[in-house]
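The values are calculated or read from the model by the stated rules, or taken from the named source; none is laboratory data. It should be emphasised that the depicted structure is a prediction, and the values quoted were computed from it without experimental measurement. All Cβ positions, glycine included, derive from the backbone under ideal geometry; neighbour counts span all protein chains shown. The area values use the complete protein model at the heavy-atom level, side chains included, leaving out ligands, DNA and RNA. Shrake-Rupley method; radii C 1.70, N 1.55, O 1.52, S 1.80 Å.
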Amino acid sequence: MSEPDPAADASASTEGGPSLDGRLQSFVGLSTGPTHRAPDPVNLPMIRHWIEAMGDRNPVYVDEEAARAAGFAGIIAPPTMLQAWIMRGLRTSQEADEARARGVETPGSPNDQLMAVLDEAGFTSVVATNCDQHYERPLVPGDRLEATSTIDAVSGEKKTGLGVGHFITTRLEFTDQDDQVVATMLFRILKFRPRPPAGSREAAAAPGTQSTLQAPPAERPKRPRPALTQDNSFFFEGARQHKLLIQRCAECGTLRHPPRPSCANCRSFDWDTVTASGRGTIYSYVVNHYPQVPAFDYPLVVALVELEEGTRLVANVSGITPDTVAIGTAVQVGFEAFDDVLTLPVFRPVVASAASGDASGETRKS
Amino acid sequence: MSDARHSFTGNTAIVGIGATEFSKESGRSELRLAVEAVDLALRDAGIEPGEVDGMVTFSSDTNPEIEIARSLGMGELTFFSRIHYGGGAGCATIQQAAMAVQSGVADVVVCYRAFNERSGNRFGAGVQNRPPAPNAETANFAWYAPFGLLTPAQWVAMAAQRYLHVTGATSEDLGRVAVADRKHAATNPKAWFYEKPITLEEHQASRWIVEPLHLLDCCQETDGGQALVVTSLERARDLPGTPVVIEAAAQGAGPGQEMMTSYYYDDLCGLGEMASVARQLWQTSGLSPADIQTAVLYDHFTPYVLYQLEELGFCGKGEAKDFVKDGNIELGGGLPINTHGGQLGEAYLHGMNGIAEGVRQVRGSSVNQVPDVHHALVTAGTGVPTSGLILGVDR
Ligand SMILES: [Zn+2]
């Protein structure tokens with residue numbers, strides 16, 4: 001199966017024009033792309049790999065006599081191998097990935113275009129929900145398969161445990177060397193708008209369907225942990241207490257961040273900390289698009305904040321978008337607990353009318 | 001610090017270069033790539049493996065000196081040294097070799113770097129939920145990784161955003177570096193992007209990796225190996241090839257230096273490490289920017305090429321955006337840079353392939369030869385403690 005690329009270029013979509021639903025429905029019935037031709041005929045060695053990997057001990061897949069005793073003409077292939085026979089292989093996938101990485105834009109198939117339309121509309125995440133296979137006859141060694149796939153259905157907007165999204169059903173029809181249909185498959189994915197973390201994570205799968213149900217994504221992975229040493233751990237301890245601490249030389253009072261063991265100004269090894277006011281400005285920033293690490297929401301704004309005390313630190317900014325973030329924006333610190341261990345400062349823009357208010361402004365995640 | 005003439009200056013030379021093909025999947029071990037590159041460099045030099053007594057590489061290289069020595073039948077090694085700070089090590093390997101030769105510690109030193117950076121362990125690939133073992137290097141990432149600032153592109157972009165803001169340079173000015181590199185790669189058969197030039201429009205249309213960097217602002221990833229051979233100029237003159245004289249070689253770390261994240265000092269519009277290297281290169285060589293016919297400027301990401309043009313004095317502070325206009329850094333321009341295609345176009349070999357191009361330009365054997373090259377300047381990775389070289393013809 002070709003996996004939709006969440007980062008697929010959205011340039012193929014049209015500007016303005018009909019409603020999203022109208023645009024989505026216009027894809028129904030279109031071929032998703034070229035015909036998949038099995039690179040090899042159905043064969044015993046690959047069957048053997050499959051059943052060993054799957055731990056399937058049914059003898060009809062490898063033993064002629066057992067197969068005949070079970071009423072078949074000879075060995076048959078495991079039915080669920082259906083899709084394996086038309087897989088395009090690792091190298092082709094890698095080459096496609098590399099072409100994309102080099103910025104080579106391939107003419108988008110209807111499937112690519114559909115994904116791009118959904119990406120553009122903010123439905124950037126994807127999860128496979130379910131897959132139904134219907135078999136006309138068992139496959140036997142020597143069968144040479146082809147598969148055509150069409151976009152079978154695109155649902156209206158649905159609320160699911162993962163977030164709001166659209167189900168897309170793809171129908172694959174498998175034919176043999178005599179152009180006879182040997183199997184059909186319905187494969188359904190959910191393209192959804194990722195919700196902020198927390199809350200329930202019910203499976204988005206439609207109930208009552210048979211076979212290869214894929215698990216919904218696990219709980220959100222944790223943010224990378226800081227490596228803590230005797231020199232830097234005070235900062236993260238402070239953050240847990242919702243204090244933004246700056247290391248200060250106990251001798252000459254020079255502030256320093258990132259922390260280090262001694263003062264470059266007077267060479268004293270004695271230090272304490274001061275609690276910053278939390279007021280600062282965005283000195284620089286980036287908007288991360290790629291790679292996308294599951295612990296973060298993208299596009300991700302990361303800022304270099306210059307505190308009014310004079311030191312700078314890197315942190316995230318909430319209440320700001322890639323379009324509104326700007327160098328020079330006045331920000332105020334808050335704190336966010338990302339898991340039961342890691343609490344980090346998160347800045348937010350200072351709203352002009354509230355600028356004279358409480359300086360300790362904390363934001364809490366619901 | 002002494003800015004008097006370094007004793008190796010003008011007395012040592014690069015006499016051999018060798019490289020594997022540059023690919024995305026070498027299909028061979030990193031050690032084999034290293035051995036192939038060293039073998040080719042020694043053949044190029046006309047020096048037998050048994051004469052090699054010194055080796056220098058990066059601390060991040062996985063190929064032990066003794067493995068290469070055994071593989072090629074080298075004898076005793078009397079000098080081996082490794083340089084830290086990733087791509088910043090490149091030109092410093094040559095400096096180490098030159099110092100060893102000049103001091104008499106070794107006679108023939110091989111510098112090498114080989115990796116399967118694309119098909120094997122890719123840089124910046126690993127992010128784990130467990131905290132890394134705490135030490136000063138891993139603790140440094142505590143200020144970035146938990147906030148999602150995880151990759152070299154992101155670290156460079158933070159400085160670049162400020163640079164664009166302060167200088168008024170634009171993404172298109174960054175794109176001009178990529179266009180020049182890819183133009184040069186397009187006529188270099190060894191380059192991954194051979195016959196694949198890009199336009200400024202394609203640069204602008206390529207997807208964001210991390211704003212303000214597009215995909216085409218970022219260098220590629222490569223499998224391959226590159227080696228170079230250093231010996232005394234005296235010995236070099238007895239070898240079959242044309243000696244390429246080491247006219248200057250320097251390492252530098254700036255005040256407030258951090259590893260890719262020097263965000264806390266100064267205005268993010270300079271590279272303290274390159275300022276240090278530049279000052280040493282000019283003072284120890286007695287040369288000035290006007291004496292340089294071509295340069296290989298480390299181009300892991302386009303913004304730092306603009307910074308380097310300024311730090312090296314090819315133009316004034318904040319003026320690189322004007323310097324790179326109108327093809328000035330392309331073949332035929334005032335200062336053609338990265339004539340092999342750079343790391344955006346030829347290969348990402350941690351800058352070692354760039355030193356080889358500097359050697360070819362001085363020899364007069366580049367596929368994109370600049371006319372009348374007397375002095376070529378080469379730099380190593382920036383944003384980190386770095387190094388640089390001036391290579392010249394033997395007079
Ligand atoms: Zn002090």
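Looking only at segment B:319-345, which residues are assigned to a loop (DSSP other than H, G, I, E, B) and open to solvent by 20 Å² or more (accessible area, probe 1.4 Å)? Walk me through it before giving the result.
Taking segment B:319-345 first, the residues assigned to a loop (DSSP other than H, G, I, E, B) are B:319, B:324, B:328-336, B:338-341.
Listed by number, the residues that qualify are B:GLU319, B:ASN328, B:GLU330, B:LEU331, B:GLY332, B:GLY333, B:GLY334.
State yes or no: is A:LEU307 more than 9 Å from chain B (Cβ to nearest Cβ), more than 16 Å from the ligand (Cβ to nearest atom), among the aliphatic types (A, V, I, L, M) and buried (at least 17 other Cβ atoms within 10 Å of the Cβ)?
Numbers: more than 9 Å from chain B (Cβ to nearest Cβ): yes; more than 16 Å from the ligand (Cβ to nearest atom): yes; among the aliphatic types (A, V, I, L, M): yes; buried (at least 17 other Cβ atoms within 10 Å of the Cβ): yes.
Judged against the criteria, A:LEU307 is a match.
Does segment A:235-257 hold any residues that are within 16 Å of the ligand (Cβ to nearest atom), part of a loop (DSSP other than H, G, I, E, B) and surrounded by 18 or more Cβ atoms within 10 Å (Cβ to Cβ), and which are they? So that I can check it myself, show each step before the final result.
The initial filter retains those residues of segment A:235-257 that are within 16 Å of the ligand (Cβ to nearest atom), namely A:246-257.
Add one more test, that the residue is part of a loop (DSSP other than H, G, I, E, B), and what stays is A:250-254, A:257.
A:HIS257 - this is the single residue of segment A:235-257 that is within 16 Å of the ligand (Cβ to nearest atom), part of a loop (DSSP other than H, G, I, E, B) and surrounded by 18 or more Cβ atoms within 10 Å (Cβ to Cβ).
If the requirement is being within 12 Å of chain B (Cβ to nearest Cβ) and under 25 Å from B:ASN135 (Cα atoms), which of these qualifies: A:ARG267, A:ARG260?
Details: A:ARG267 fails: within 12 Å of chain B (Cβ to nearest Cβ).
Every option except A:ARG260 fails the conditions.
Check B:ASN368 against each of (1) surrounded by fewer than 24 Cβ atoms within 10 Å (Cβ to Cβ); (2) under 19 Å from B:ALA92 (Cβ atoms) and name the one condition it does not meet.
Evaluating B:ASN368 over (1) surrounded by fewer than 24 Cβ atoms within 10 Å (Cβ to Cβ); (2) under 19 Å from B:ALA92 (Cβ atoms) leaves (2) as the failure.
Can you tell me which condition B:ILE17 does not meet? The list is (1) part of a strand (DSSP E or B); (2) open to solvent by less than 10 Å² (accessible area, probe 1.4 Å), and all the others hold.
(2)
Among (1) surrounded by fewer than 23 Cβ atoms within 10 Å (Cβ to Cβ); (2) farther than 24 Å from B:ARG122 by Cβ, there is one condition B:GLY54 misses while meeting the rest; what is its number?
For B:GLY54, the failing item is (1).
For the subset of segment A:258-299 comprising residues that are within 9 Å of the ligand (Cβ to nearest atom) and among the charged types (D, E, K, R), which member is least open to solvent (accessible area, probe 1.4 Å)? If you could, list the steps in order and put the result at the bottom.
Start the filter on segment A:258-299 by keeping residues that are within 9 Å of the ligand (Cβ to nearest atom), which leaves A:262-268, A:270-271.
Restricting the remaining residues to those that are among the charged types (D, E, K, R) gives A:267, A:270.
Working: A:ARG267: 195, A:ASP270: 92 Å².
In this case the residue turns out to be A:ASP270.
Give the residues of segment B:263-274 that are of a type outside the set (A, V, I, L, M, F, W, C) and either surrounded by fewer than 23 Cβ atoms within 10 Å (Cβ to Cβ) or at positive phi (or both), sorted by residue number. Please lay out each step first, then the result.
Taking segment B:263-274 and keeping what is of a type outside the set (A, V, I, L, M, F, W, C), we get B:263-267, B:270, B:272-273.
Of everything in segment B:263-274, those that are of a type outside the set (A, V, I, L, M, F, W, C) and either surrounded by fewer than 23 Cβ atoms within 10 Å (Cβ to Cβ) or at positive phi (or both) turn out to be B:TYR264, B:TYR265, B:ASP266, B:ASP267, B:GLY270, B:GLY272.
Hand me the list of strands (runs of 3 or more DSSP E) wholly inside segment B:181-261 holding 1 or more residues that are open to solvent by less than 20 Å² (accessible area, probe 1.4 Å) and away from every other protein chain (no Cβ under 11 Å).
Once the strands (runs of 3 or more DSSP E) in segment B:181-261 are filtered for at least 1 residues that are open to solvent by less than 20 Å² (accessible area, probe 1.4 Å) and away from every other protein chain (no Cβ under 11 Å), what remains is B:223-232, B:244-252.
Pairs under 6 Å by beta carbon, first residue more than 15 Å from B:TYR112 (Cα to Cα) in segment B:344-364, partner open to solvent by 10 Å² or more (accessible area, probe 1.4 Å) and in a helix (DSSP H, G or I), six or more apart or different chains?
Short answer, once both residue conditions are applied: B:GLY345/B:ARG182.
Is it true that B:HIS165 is within 10 Å of chain A (Cβ to nearest Cβ) and part of a helix (DSSP H, G or I)?
Yes.
Could you check how many residues of segment A:149-192 are open to solvent by 20 Å² or more (accessible area, probe 1.4 Å) and either under 15 Å from A:LEU139 (Cα atoms) or not in a strand (DSSP E or B) (or both)?
Selection size over segment A:149-192: 13.
For the list (1) open to solvent by less than 50 Å² (accessible area, probe 1.4 Å); (2) out of contact with any Leu (no Cβ under 6 Å at 6 or more places or on another chain), I need the number of the one condition that A:ARG312 fails.
Tallying (1) open to solvent by less than 50 Å² (accessible area, probe 1.4 Å); (2) out of contact with any Leu (no Cβ under 6 Å at 6 or more places or on another chain), A:ARG312 fails exactly one: (2).
Any idea which of (1) more than 14 Å from A:GLY278 (Cβ to Cβ); (2) modelled with pLDDT under 95; (3) surrounded by 15 or more Cβ atoms within 10 Å (Cβ to Cβ) is the one A:GLY361 doesn't satisfy?
A:GLY361 satisfies every listed condition except (1).
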